[in-house]
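Structure record follows, encoded as structure tokens.
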Amino acid sequence: MTNYLKPSSLILLCCCLLIAGCSGGRYVIQDRNWQPYDLEPAAFTRHLYSCQINGSAGIRKYSFSGLLLVKEMEDGSKRVVFQNEIGFTFFDFEWDTAGMFRVVQIQEQMNKEPLIKTLRKDFEVLFRVNFSAAQINGDRTLVRTRLQKGNAVYETGKDDKKNIYILDEKERKVVSFIMAAGAPLSGLPASLTITHHKANFGIRLKTIPSNN
Amino acid sequence: MKQLISLLAFVTLTFTAWSQGGYTPVPDINGVKKQFADKMVHTQSLESSFTQTKQMKLLKENIVSNGRFYYKKDNKVRIDYQSPYNYLVILNNGQMSITDNYGKKTTMNTRNSKSLQSINKVMVDCMSGNIFTNSDFRISVAKNSKEYHIEMIPNTSDLKSLFKKIDVYFNQDNLYINKMVITELNGDITDMKYTNVKANTGLHDQLFKTK
């Protein structure tokens, strides 16, 4: 047996285990009886979260924490503003009523195209902005919609599961949006953890009690 | 002639802005500088409660948070947000640590970043009253019967990209900080009011430990 476990094989095995450990696993969808479904954009007026964004660029890790304000404006446009507690704005994003995205303001340290693209995609999946036609499965537990690459799958709340996943073409989890229990499917959750399984990137959101 | 009219308009507007808060400009600030310098010699530490009010243009209501603030000579500041979220910032001789609402602690060396260095310095200077020596800002002073109002406009591009100005208000009797107002480029305002300020209470160095 030891003959088979040469150092190179052990390294390969370790790499395989590491990759398997990092991936989000496969999302098994047994029911394939998809029907057309009208997936509405998330309905909300205002949410204030404490927010933590963690990631890495190359070998350098970064972490930002602060307050994240999500708001639908009177004209129907959506804004996401991330500030630190002391008052400096990290970024301010806007989607107009036609779904056009705009960076209103961003700090130099966050002004990186891949980071903006990732944040934009995550919020668009959460808000259900710029979506193509959706479908619901036979037992009405899942709604899916096609993305540029792969699909977004929304759990509808049956068995209390209301998480969201972005799946690649092989139905492997690329991103998981894990919601607080009791989150409304139609709106935004009280807390949320977004994990990117193939990249070292994540967002944590927790509602700040409205005692102001 | 146009330049003269612009200058007069600027002076009038500036004077009106000062006067609106009941403050009149202090033309010769050397006397005020000396007062602060003398006071600093005798101030080893400060501690107080604070209430922070954040006015965001996007929100109709303000975000109010509360906590405790500590300063110890030299260059040590601790800002401890306790409600409605936990957030702890410690500045200690070029080191900065942040512990966020999730309990995650991040430590950084502000000497590696010009922006962080400037923020570190301005926070320490505002708390300690040592702001007259900060060359990163253009400083003007006004006063009313109770307070000195010190307006700080950033000079450097790093700070200009972060905020429009900082206004600091000091109690005229004891020269302790009463209030600090940070105005961002987009007009958002963060107002920190300090209450029950106590000096020289013998703060332990452990409070300012960043690691």
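Key figures for this structure:
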{"quantity": "Residues located in the stretch B:161-211, provided they are hydroxyl-bearing (Ser, Thr, Tyr), under 16 Å from residue B:51 (Cβ atoms) and open to solvent by less than 70 Å² (accessible area, probe 1.4 Å)", "calculated": "B:169, B:176, B:190, B:194"}
{"quantity": "Hits in the stretch A:143-157 (condition: open to solvent by 10 Å² or more (accessible area, probe 1.4 Å) and out of contact with any helix residue (DSSP H, G or I) (no Cβ under 8 Å at 6 or more places or on another chain))", "calculated": "A:144, A:146, A:148, A:149, A:151, A:156, A:157"}
{"quantity": "Which numbered condition residue A:116 misses (of (1) touching a strand residue (DSSP E or B) at 6+ places or on another chain (Cβ under 6 Å); (2) open to solvent by less than 20 Å² (accessible area, probe 1.4 Å))", "calculated": "(1)"}
{"quantity": "Where residue B:138 falls short, out of the listed (1) of a type in the set (Lys, Arg); (2) without any contact (Cβ under 8 Å) to a residue 12 or more places away in the chain; (3) more than 14 Å from chain A (Cβ to nearest Cβ)", "calculated": "(2)"}
{"quantity": "Residue match in the stretch B:113-131 (condition: more than 14 Å from chain A (Cβ to nearest Cβ), part of a strand (DSSP E or B) and touching a helix residue (DSSP H, G or I) at 6+ places or on another chain (Cβ under 8 Å))", "calculated": "no"}
{"quantity": "Those strands (runs of 3 or more DSSP E) lying entirely in the stretch A:28-111 with at least 1 residues open to solvent by less than 10 Å² (accessible area, probe 1.4 Å), touching a strand residue (DSSP E or B) at 6+ places or on another chain (Cβ under 6 Å) and within 12 Å of chain B (Cβ to nearest Cβ)", "calculated": "A:46-57, A:60-72, A:78-83, A:89-95"}
{"quantity": "Among (1) open to solvent by 10 Å² or more (accessible area, probe 1.4 Å); (2) assigned to a strand (DSSP E or B) - the single one residue B:142 does not satisfy", "calculated": "(1)"}
{"quantity": "Single match in B:38, B:28 (criterion: over 20 Å from the mean Cα position of the chain (by Cα) and either at pLDDT below 90 or at positive phi (or both))", "calculated": "B:28"}
{"quantity": "Some residue of the stretch A:125-140 being of a type in the set (A, V, I, L, M) and part of a strand (DSSP E or B)", "calculated": "yes"}
{"quantity": "Residue check for residue A:174: open to solvent by 10 Å² or more (accessible area, probe 1.4 Å), more than 17 Å from residue A:26 (Cα to Cα) and part of a strand (DSSP E or B)", "calculated": "no"}
{"quantity": "Residues being charged (D, E, K, R) and either at pLDDT below 85 or assigned to a strand (DSSP E or B) (or both) - total across the stretch B:145-177", "calculated": "6"}
{"quantity": "Qualifying residue in the stretch B:57-66 (condition: under 18 Å from residue B:176 (Cα atoms), outside any strand (DSSP E or B) and in contact (Cβ under 8 Å) with a residue 40 or more places away in the chain)", "calculated": "no"}
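The values are calculated or read from the model by the stated rules, or taken from the named source; none is laboratory data. Quick caveat: nothing in here was measured; it's all calculated off a predicted structure. Neighbour counts run over all protein chains shown; Cβ positions are idealised from the backbone, glycine included. Surface areas here come from the heavy atoms of the whole protein model, side chains and all, with no ligands, DNA or RNA. Shrake-Rupley method; radii C 1.70, N 1.55, O 1.52, S 1.80 Å.
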